[in-house]
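Take a look at the structure below.
The values are calculated or read from the model by the stated rules, or taken from the named source; none is laboratory data. None of these values were measured; they are calculated from a predicted model. Note: ideal-geometry Cβ built from the backbone for every residue, glycine included; neighbour counts use all protein chains shown.
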Amino acid sequence: MRVQRSALTRGLTLAAGLILVLTACNSSGGGDGPGKNDSAGLASCGTRGKANTCNSGATKPGGTFTYTLEKNIQQWNVQDANGNTFENGEALGVVLPQVFVPQPDFSVALNTDLVTSATQTSTSPQTLVYKINPKASWNDGTPVTADDFIYYWRTNNGRDCPPPPESDASQTKGCLPQSTAGYDRIKSVTGSDDGRTVTVVMAKSFSDWKQLFGAGYPLYPAHVAEKLSGAKAGDAAHMTAAQMTQGWQYFQKTPPSEYATAGPYRMQDWTDNDHATFVPDPKWWGKTKPSLDRLIFKVITDATQEPTALRNNEVQAIYPQPEVDLVNQIKAIPNVTYTIGNGLIWEHFDLNLHNPVIGKYKALRQAMFTAISIEDIVSKTVGQFDPETKQLGSHNYVPGQAGYQDLVTGTGQGSGDLGKAKKYLVDAKFTGVGTALKTPDGKAVGPFNCRYTTGNQIRQSECQILQSNLASLGIKVTIKPIGAADLGTVLVGHQYDIIVFAWVGSPFPSANAQQNWVTGGGGNYGGYSDKTVDRLITQAVGETDQAKAASLLNQADRIVVDDAYVLPLYQKPTFLAVQTRFVNMRDNATNVGPPYNTAEWGLKK
């Protein structure tokens, strides 16, 4: 699954979320390796193969560690399409449990604090068995049981708690999962051994089964939802859609400081648009006990202020989208190390097919994408500090992943070839090409808006370059920033013509594809729909042979590319800077981000 990232974004985990960046520690990353203002810290992160262990060290008790969030959290249900932001996922991952956790090297690791095993015991039908750790419990004393898995499944399968109708603008009825991938293929989830064994039987095979019940989207406490909705305790299997909606909305509106959680920390308080404070949870049963006295996630939505905060010791780590001035400022701060790398995060322009002109004319979309010069975009933005950045050629993979094929550049999309772009329009009988573009039936094309998250200079520049490129076709573009916390609302509400943000991907490409390109998918904000694409991706999701799944995804991607719905720009560089007195903090350029292992963070012993 994916999140959006507004600044970078983790967050569909959407970010402006679901946005995703990758670590320089990652063995498949490119990047410059570590920069170090002394000899300690993240130096080992530049060594290939050290992604999961760089900056490791023993810790000593005490200390406060403050980490930046580049986006305020306005909606606390990360499973919801509106709450699927990178920052939301980072914060909730500290206090809520998940079965498999994405690692910096793009693998996934079993969370043995939650489950002692998770195995596929049969292929016909595909059957998955989870053994819950006997010690696992919510911090109000309620055991973690199959009931929590059942609640998760039923709220995310798209059937038992169906999405609200389009007419329900406030979305007060039903559940709106960021993705139903996998959950829509489950036949049953049952418990045994007093609920400590969970058996999942699939109606259809699911190749990415390790993404279920986690992989950046943690479990919520079913017993809390049952109590507040009046459902019978321990009976998530029989909750009505209305009762599940109540729980869904409660977790949307309520920070986890107000209900039972199950992590190494508990949230002590949340101050809107300012910070979250976490303290070690005395009820934590896991193998690693936090050594920090406090962990603080500080909201700083203006990336230009992050180096100052780090220099003044207001924060001890930052994870911004890198810009050349920001990187140079960090280089001048003593006792700080940094890494620049590439990962599962990629920048892109999206077109809103709900716009009647954009949606109707494929030739117009193809012309727009062909007129955009990605080389110009890169050279004026990320290429200034990462000269290895190139145009991305896939909607489903990044370079270094098995299955990656460049299916975009050969079409001319992103080339800035104005002659070819204009030919699309002339051949399709558009008039006013290069001056004031009109459709074949004489309607004005545009003006269109280009939207980006405010405070992000790179994205502002990307919209400005697009504005100039499309003006050469006779299309007027206005630039309209979005509040840093409002990306999810804008996307779900189709409040854009053109938008630029980033996906933060999980290590599960088939599930990511179902989320973004299948008709009605949780990340398919622009309304793309193609029956052949739906069929190919559905086949890929059920294909256990990864090579065959990749082939199917690439077949689907050729169609997506031709339809000119989303233009991949580049694999987004990541930038992590940390004070050298802290250890076990490293880049994780998947949808969980660096906070994937907060229990291990601490002062160097």
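Some points to look at:
- Residue match in the range 128-142 (condition: at pLDDT below 95 and either touching an Asp or Glu at 6+ places or on another chain (Cβ under 7 Å) or not basic (Lys, Arg) (or both)): no
- Taken together, the residues in the range 437-457 that are surrounded by fewer than 23 Cβ atoms within 10 Å (Cβ to Cβ) and under 22 Å from Trp346 (Cβ atoms) amount to 3.
- Among (1) over 23 Å from the mean Cα position of the chain (by Cα); (2) outside any strand (DSSP E or B), the one test that Thr337 misses: (2)
- Scan of the range 58-108 for residues that are out of contact with any Asp or Glu (no Cβ under 8 Å at 6 or more places or on another chain) and on the phi > 0 side of the Ramachandran plot, ordered by number: Phe106
- Pair list, Cβ < 6 Å and 6+ apart or interchain, from the range 221-236 residues that are at positive phi to residues that are in a helix (DSSP H, G or I): Gly234/Asp147
- Across the range 389-407, the number of residues qualifying as buried (at least 24 other Cβ atoms within 10 Å of the Cβ), over 13 Å from Asn342 (Cβ atoms) and either hydrophobic (A, V, I, L, M, F, W, C) or in contact with a strand residue (DSSP E or B) (Cβ under 8 Å, 6 or more places away or on another chain) (or both) comes to 1.
- Meets criteria (touching a His at 6+ places or on another chain (Cβ under 7 Å), under 13 Å from His395 (Cα atoms) and part of a helix (DSSP H, G or I)) for Val533: no
- Residue in the range 551-562 that is closer than 28 Å to Gly89 by Cα and of a type in the set (Ser, Thr, Tyr) present: no
- Taken over the range 403-433, the criterion of being small (Gly, Ala, Ser) and part of a loop (DSSP other than H, G, I, E, B) is satisfied by Gly403, Gly412, Gly414, Gly416, Ala428, Gly432.
So that you can scan it fast, the table gives a plain yes or no per residue for (1) closer than 23 Å to Gln571 by Cα; (2) at pLDDT 95 or above:
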position	(1), (2)
Leu351	yes, yes
Asn355	no, yes
Tyr361	no, yes
Lys380	yes, no
Glu388	yes, no
Ser415	yes, yes
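This table checks each residue for (1) surrounded by fewer than 24 Cβ atoms within 10 Å (Cβ to Cβ); (2) farther than 25 Å from Ser124 by Cα; (3) modelled with pLDDT of 90 or more; (4) of a type in the set (Val, Ile, Thr).
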{"residue": "Gly493", "(1), (2), (3), (4)": "yes, yes, yes, no"}
{"residue": "Asp497", "(1), (2), (3), (4)": "yes, yes, yes, no"}
{"residue": "Ala502", "(1), (2), (3), (4)": "no, yes, no, no"}
{"residue": "Gln515", "(1), (2), (3), (4)": "no, yes, no, no"}
{"residue": "Tyr525", "(1), (2), (3), (4)": "no, yes, yes, no"}
{"residue": "Tyr528", "(1), (2), (3), (4)": "yes, yes, yes, no"}
{"residue": "Ala547", "(1), (2), (3), (4)": "yes, no, yes, no"}
{"residue": "Ala550", "(1), (2), (3), (4)": "yes, no, yes, no"}
{"residue": "Ile559", "(1), (2), (3), (4)": "yes, yes, yes, yes"}
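- Pairs linking a residue in the range 461-475 that is within 12 Å of Ile498 (Cα to Cα) and in a helix (DSSP H, G or I) to a residue that is at pLDDT 95 or above and of a type in the set (Lys, Arg), with Cβ atoms under 9 Å and 6 or more positions apart or on different chains, are Cys463/Arg451; Cys463/Lys480; Gln467/Lys476; Leu470/Lys476.
- Near pairs, Cβ below 8 angstrom, 6+ apart or cross-chain, from the range 173-184 (among the basic types (Lys, Arg)) to any residue that is part of a loop (DSSP other than H, G, I, E, B): Lys173/Pro164; Lys173/Pro165
- Restricting the range 563-595 to residues that are among the hydroxyl-bearing types (Ser, Thr, Tyr) and surrounded by 23 or more Cβ atoms within 10 Å (Cβ to Cβ), the residue that is nearest to Tyr528 (Cα to Cα): Tyr565
- Condition met for Ser205 (in contact with a strand residue (DSSP E or B) (Cβ under 6 Å, 6 or more places away or on another chain) and in a loop (DSSP other than H, G, I, E, B)): yes
- Unmet criterion (only one of (1) touching a helix residue (DSSP H, G or I) at 6+ places or on another chain (Cβ under 9 Å); (2) modelled with pLDDT under 95; (3) within 17 Å of Tyr397 (Cα to Cα); (4) part of a helix (DSSP H, G or I)) for Thr590: (4)
- Options Leu326, Leu310: the member that is aliphatic (A, V, I, L, M) and either modelled with pLDDT of 95 or more or touching a Phe, Trp or Tyr at 6+ places or on another chain (Cβ under 7 Å) (or both): Leu310
Matching residues to (1) modelled with pLDDT of 90 or more; (2) out of contact with any Ser or Thr (no Cβ under 7 Å at 6 or more places or on another chain); (3) buried (at least 18 other Cβ atoms within 10 Å of the Cβ):
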site	(1), (2), (3)
Ser27	no, yes, no
Ile73	yes, yes, yes
Pro102	yes, no, yes
Ser117	yes, yes, no
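- Residues that are of a type outside the set (A, V, I, L, M, F, W, C) and either within 18 Å of Ala564 (Cβ to Cβ) or touching a Leu at 6+ places or on another chain (Cβ under 6 Å) (or both), drawn from the range 430-448: Thr439, Pro440, Gly446
- Among the residues making up the range 254-274, those that are within 15 Å of Asn77 (Cβ to Cβ) and assigned to a loop (DSSP other than H, G, I, E, B) are Thr254, Pro255, Tyr259, Thr261.
- Only listed residue being modelled with pLDDT of 95 or more, within 24 Å of Pro356 (Cα to Cα) and not small (Gly, Ala, Ser), chosen from Thr411, Thr439: Thr439
- Checking Ser188 against (1) touching a Gly at 6+ places or on another chain (Cβ under 9 Å); (2) among the hydroxyl-bearing types (Ser, Thr, Tyr); (3) modelled with pLDDT of 95 or more, the condition it does not meet: (1)
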